[in-house]
Amino acid sequence: MKRSSKVLIGTALTGSLLTGGTALADAQGWWPGPKEVRVMLPDGQSNPAIANGVATGGEVAAYQSSGLGPTALNPSAPEGTPERYTDPSLTEGAEGVTVTEAQALVVLRNIKANLEAAGLTPADVITMKCYLMKPPGAESADYAGWNRAYRQYFANVDLKSNEVVSVPMGTSPAKPPLLANRARPARATMEVASLAVKGWLVEVEVTAAYKKR
């Protein structure tokens, strides 16, 4: 049985993006060139949150970050609490922002800084893993809050129109994102029993591809 998917092709040399249909079951033409990054998108979607998968050629230089968590930037909150690992300046004026969402905004900003130190940007990210803990008193991890924060830094440019898509923060009306970014990494998000630092609810690691030099 064949499954049809839309394919977004980005070359490591130019970063240019081209769309084309490919049947994954056939796999003909899917194998990337030695310096290519190929991103498979859900069929028929112009603004998907994540990719179905990413293929990289054997000569694509890649960078793997460590797992990064939030920085303690809220001195008004007690040490060791989730609220301590938020940055009030990122959520100023927004209503209904969850603590997981607020932490994730700090984490993604830390990811951006980590990538820039390695000569990369969030636009170069091809895979992502996110580890979530449930907030105190909650039944499960706050996936919705994480996804809202994610859209502030990733997958917020419509791939057909090239227009920046407004995204919500908390329960506030949607606004332009903190960082406009076309990238749709292949992504996994999972709830874990604990993280390395008391008070952390979010930890993220990414893989990014360098452009050809």
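The values are calculated or read from the model by the stated rules, or taken from the named source; none is laboratory data. Worth saying up front: this structure is predicted, and the values here are computed from it rather than measured. Please note: Cβ atoms are built from the backbone with ideal geometry, for glycine as well, and neighbour counts cover all protein chains shown.
Looking for something assigned by TED's automatic domain parsing to the domain that holds PRO82, of a type in the set (Lys, Arg) and in contact with a helix residue (DSSP H, G or I) (Cβ under 7 Å, 6 or more places away or on another chain) - is there at least one such residue anywhere in segment 116-138?
Within segment 116-138, not a single residue is assigned by TED's automatic domain parsing to the domain that holds PRO82, of a type in the set (Lys, Arg) and in contact with a helix residue (DSSP H, G or I) (Cβ under 7 Å, 6 or more places away or on another chain).
Looking at segment 15-40, which of its residues are of a type in the set (Asp, Glu) and either surrounded by fewer than 15 Cβ atoms within 10 Å (Cβ to Cβ) or modelled with pLDDT under 90 (or both)?
ASP26
In segment 135-155, which residues are of a type in the set (D, E, K, R) and either in contact with a Gly (Cβ under 6 Å, 6 or more places away or on another chain) or without any contact (Cβ under 8 Å) to a residue 60 or more places away in the chain (or both)?
Residues satisfying the conditions are GLU139, ASP142, ARG148.
For PRO173, which of the numbered conditions (1) more than 14 Å from the chain's Cα centre (by Cα); (2) within 18 Å of ALA208 (Cβ to Cβ); (3) surrounded by fewer than 17 Cβ atoms within 10 Å (Cβ to Cβ) fails to hold?
(2)
Filter segment 156-212 for residues that are assigned to a loop (DSSP other than H, G, I, E, B) and free of Cβ contacts under 8 Å to residues at least 24 places away in the same chain and give the result.
Answer for segment 156-212, where residues must be assigned to a loop (DSSP other than H, G, I, E, B) and free of Cβ contacts under 8 Å to residues at least 24 places away in the same chain: ASN162, GLU163, SER166, PRO168, PRO173, ALA174, PRO176.
Out of the strands (runs of 3 or more DSSP E) lying entirely within segment 41-136, which hold 3 or more residues that are at pLDDT 95 or above, crowded, with 17+ Cβ neighbours inside 10 Å and among the β-branched types (Val, Ile, Thr)?
Where strands (runs of 3 or more DSSP E) fall fully within segment 41-136 and carry at least 3 residues being at pLDDT 95 or above, crowded, with 17+ Cβ neighbours inside 10 Å and among the β-branched types (Val, Ile, Thr), they are 125-132.
Okay, residues lined up against (1) closer than 17 Å to ARG187 by Cβ; (2) touching a residue at least 40 places away in the same chain (Cβ under 8 Å); (3) not assigned by TED's automatic domain parsing to the domain that holds LEU195:
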site: VAL39; (1), (2), (3): yes, yes, yes
site: ALA49; (1), (2), (3): yes, yes, yes
site: THR71; (1), (2), (3): no, no, no
site: PRO82; (1), (2), (3): no, yes, no
site: ASP87; (1), (2), (3): no, no, no
